[in-house]
Amino acid sequence: MAEHTAEHHIVPLKVYFAVFGALMVFTAITVFVAQFDLEHYWGPLNIIVAMTVATIKATLVVLYFMHVRYSSRLTQVIVVSGLFWLAILLVFTLMDYLSEPAGQPSWASNRKTIFLPG
Amino acid sequence: MATEVMETTSTRNYLNNGHTVKSWLLTLDHKRIGLLYLFSISIFFAIGGVYASLIRLELITPEGDLMTAETYNKVFTMHGVMMIFFFLIPSIPAVMGNFLLPIMLGAKDVAFPKLNLLSWYIFILGGSLMLITMINGGIDTGWTFYPPYSSIYSNTQVTLAGVSIFITGFSSILTGLNFMVTIHTMRAPGLTWFRLPLFVWAHYATSLIQILGTPVVAITVLALALERTFQIGIFDPKLGGDPVLFQHMFWFYSHPAVYIMILPSMGVISELIANMTRKRIFGYHFVAFSSLAIAVFGFLVWGHHMFTSSQSMYAGMVFSLITYAVAIPSAIKIFNWTATIYKGSVSYDTPMIYALAFIGLFTVGGMTGLFLAALGLDVHLHDTYFVVAHFHYVMVGGAIIGYLGGIHFWWPKMTGRMYPEVWGRISAAIIFLGFNLTFFPQFVVGYLGMPRRYHAYAPEFQVLHILSSAGASILAVGFIMPVFYFAWSVKFGKKAGNNPWMASGLEWQTSSPPPTENFTYQPVVTHEPYEFEHVEEIKNAGKLENKTA
Ligand SMILES: [Cu+2]
């Protein structure tokens, strides 16, 4: 088993500070962008910007602070499959929301607006 | 050397290694934790069974005369909650998986023994909260907790029940995590992936579902509790939420949860059939991979619970199609088991009777699932007793039959004593008859239009309901009998010896009951699973192990 060989990888402090700096920069971006309502330019733009920033930050944390970048292949596969299963949940649920509902129950209009602003 | 091992271990084993309560409650031994689970889930099964009896008593007459509609709602809800979350989900993995998995791998314990004990304590904490819920009057939402009824209108303890389910989920996640790491890292020398018993493959697939699915249901019931407590709009349309979203999130876990219950049972059946027919499982690789296929594709079919819930027609078609497809790996197993039995040297001991019952009953349960997967027919059958009959054929006829078969098969390993074979066969026959009499009429009455979850019904359904209730009382006798003869056998049963079935598998090479460290030597595996020539060799040579070369 090769699982235990990668465990004691020592990450230089420099890397941690660099990642911390990047996280701070992205936080600043979030705060800065929050002053403008991007909906004026394109309906879903607000959520797209917010989610992109959040995804990049989460990826940095997982890769460096949680050491996944230095972990065994098996650990990486497990992390990716977690995300893949989340994608299944989202994609198959959206498959329902994005195609026309069979009937039009009272909350059907709600169902559209929650996920498709504008 | 081998014969000495036999003598020393027969006196010193995991059961007599400490007799205090503390030695049980603080044990890190996977075998003792398995027995702790056995004890606790049996209690939950008994409670769930009492609720089942109340349901069947009420339904003997068309009028709602035994209890009010509200009480009836609570009774069927508590039956479902107890049986699903506190018996079926933990049943085979937490009892037999815990007991057997490390032994089958030739390991001393699971990868994280403390986490294993923690999972039992979490289970007990969650279970206690559910018992408190029950004493406080229970809940009346159905085990599916659909909002907005559950989040706004129900006057029962939904929040407490939700917290209980949330907590219990973590016990399931920890068990799955433990098994997965154990299978990856603790296999004995020579035990390659394709030498693993199919029981282990089934548990690997189950662990996958437990780890990837359970967090979703945990967060869903938590969101429900939050909506109920703080009026946050998540699922209630009045607050800007969406009830169909709850159904998506709930069934994302709860359909795969069906496979958490049935896959381990299929693993047990593979072991029973191979060992009771003395043949290598026909198509070993197909049976192994079909478990993984079920685990993965089982996540893509949840919308078949929502055909009548305003889910879009397009989504319904996709979910229906994949549901048909997911029947294929189950069918692969059934065909391969049948092919294994063909020309095998079949012995009709109790475990094999359960295995044969499983094949028949699970096939009926699975095939009627295809009726329900059909978009058009489901509109007629949705929320009728046909659905109730279908999932009881899968859950009782499949999961519980497999559980009982496995308990009988490994009882000599767990206790060192044989159960009385005659009583075993009688109770298996009673369960088979009682089960079919209980649930077959429900297919008919459901098809005729009897809805589920009603305490009063049209008089023309009465005959079928009486048949069903009569069957339930027979079934109850069949379930109670093993409690007595198992208890009797612990003291008075015939001494089992290491390998009473002349079965293959590492668990049969150690003593019964096994020592705390499972093996007094390091087992080395040199051949494929289910090769019975090797077992004969051991017998002829009078040796304990044949592979420490
Ligand atoms: Cu389902």
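The values are calculated or read from the model by the stated rules, or taken from the named source; none is laboratory data. Quick caveat, the model's predicted, so the values are computed rather than measured. Cβ atoms come from the backbone with ideal geometry, glycine included; neighbour counts cover every protein chain shown. Just the protein is used for accessible areas: all its heavy atoms, side chains included, with ligands, DNA and RNA removed. Shrake-Rupley method; radii C 1.70, N 1.55, O 1.52, S 1.80 Å.
The table below lists the values:
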item	result
Residue in region B:351-370 that is over 19 Å from the mean Cα position of the chain (by Cα), assigned to a helix (DSSP H, G or I) and within 13 Å of the ligand (Cβ to nearest atom) present	yes
From B:162, B:138, B:142, residue being within 30 Å of residue B:243 (Cβ to Cβ), touching a residue at least 40 places away in the same chain (Cβ under 8 Å) and crowded, with 24+ Cβ neighbours inside 10 Å	B:162
Failed criterion for residue B:116 (all others in (1) under 30 Å from residue B:515 (Cβ atoms); (2) of a type outside the set (A, V, I, L, M, F, W, C); (3) more than 19 Å from the chain's Cα centre (by Cα) hold)	(3)
Flag for residue B:269 being more than 14 Å from chain A (Cβ to nearest Cβ), open to solvent by less than 30 Å² (accessible area, probe 1.4 Å) and part of a helix (DSSP H, G or I)	yes
Failed criterion for residue B:282 (all others in (1) touching a Ser or Thr at 6+ places or on another chain (Cβ under 8 Å); (2) surrounded by fewer than 24 Cβ atoms within 10 Å (Cβ to Cβ); (3) within 14 Å of another protein chain (Cβ to nearest Cβ) hold)	(3)
The one condition in (1) assigned to a helix (DSSP H, G or I); (2) open to solvent by less than 50 Å² (accessible area, probe 1.4 Å) that residue B:311 fails to fulfil	(1)
Considering residues of region B:90-112 that are farther than 9 Å from residue B:41 by Cβ and under 16 Å from the mean Cα position of the chain (by Cα) only, the residue surrounded by the most Cβ atoms within 10 Å (Cβ to Cβ)	B:97
Residue match in region B:291-304 (condition: touching a helix residue (DSSP H, G or I) at 6+ places or on another chain (Cβ under 6 Å), in a loop (DSSP other than H, G, I, E, B), touching a residue at least 40 places away in the same chain (Cβ under 8 Å) and away from the ligand (no atom under 16 Å from the Cβ))	no
Residue among B:245, B:272, B:263 that alone is under 20 Å from the mean Cα position of the chain (by Cα), under 30 Å from residue B:381 (Cβ atoms) and more than 12 Å from the ligand (Cβ to nearest atom)	B:263
Residues of region B:301-343 classified as among the polar types (S, T, N, Q) and within 30 Å of residue B:354 (Cα to Cα), total	5
Residue B:312, sole failed condition from (1) in contact (Cβ under 8 Å) with a residue 12 or more places away in the chain; (2) away from the ligand (no atom under 16 Å from the Cβ)	(1)
Residue B:320 being over 23 Å from the mean Cα position of the chain (by Cα) and within 16 Å of the ligand (Cβ to nearest atom)	yes
Those residues of region B:216-238 which are without any contact (Cβ under 8 Å) to a residue 60 or more places away in the chain, more than 9 Å from chain A (Cβ to nearest Cβ) and part of a helix (DSSP H, G or I), in sequence order	B:217, B:218, B:219, B:220, B:223, B:226, B:230
Residues located in region B:23-45, provided they are touching a Phe, Trp or Tyr at 6+ places or on another chain (Cβ under 7 Å) and in a loop (DSSP other than H, G, I, E, B)	B:29
Residue match in region B:196-206 (condition: in contact with a Pro (Cβ under 6 Å, 6 or more places away or on another chain), open to solvent by 10 Å² or more (accessible area, probe 1.4 Å) and in contact (Cβ under 8 Å) with a residue 12 or more places away in the chain)	yes
Residue in region B:239-249 that is on the phi < 0 side of the Ramachandran plot, more than 9 Å from chain A (Cβ to nearest Cβ), surrounded by 24 or more Cβ atoms within 10 Å (Cβ to Cβ) and assigned to a helix (DSSP H, G or I) present	yes
Considering residues of region A:1-22 that are part of a helix (DSSP H, G or I) and at pLDDT below 70 only, the residue most open to solvent (accessible area, probe 1.4 Å)	A:8
Qualifying residue in region B:325-341 (condition: hydroxyl-bearing (Ser, Thr, Tyr), within 14 Å of another protein chain (Cβ to nearest Cβ) and within 14 Å of the ligand (Cβ to nearest atom))	no
Answer residue from region A:23-69, given it is in a helix (DSSP H, G or I) and in contact (Cβ under 8 Å) with a residue 60 or more places away in the chain and is least open to solvent (accessible area, probe 1.4 Å) among those	A:46
Test result for residue B:258, within 16 Å of the ligand (Cβ to nearest atom) and within 12 Å of chain A (Cβ to nearest Cβ)	no
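Okay, residues lined up against (1) within 23 Å of residue B:273 (Cα to Cα); (2) out of contact with any strand residue (DSSP E or B) (no Cβ under 6 Å at 6 or more places or on another chain); (3) hydroxyl-bearing (Ser, Thr, Tyr):
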| position | (1), (2), (3) |
| --- | --- |
| B:385 | no, yes, yes |
| B:388 | no, yes, no |
| B:394 | yes, yes, no |
| B:398 | yes, yes, no |
| B:403 | yes, yes, yes |
| B:409 | yes, yes, no |
| B:416 | yes, yes, no |
| B:420 | yes, yes, no |
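Residue-wise test of (1) within 16 Å of the ligand (Cβ to nearest atom); (2) buried (at least 20 other Cβ atoms within 10 Å of the Cβ); (3) away from chain A (no Cβ under 14 Å); (4) over 18 Å from residue B:307 (Cα atoms).
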| site | (1), (2), (3), (4) |
| --- | --- |
| B:373 | yes, yes, yes, no |
| B:389 | yes, yes, yes, yes |
| B:397 | no, yes, yes, yes |
| B:400 | no, yes, yes, yes |
| B:408 | no, yes, yes, yes |
| B:413 | no, yes, yes, yes |
| B:419 | no, yes, yes, yes |
| B:424 | no, yes, yes, yes |
| B:429 | no, no, yes, yes |
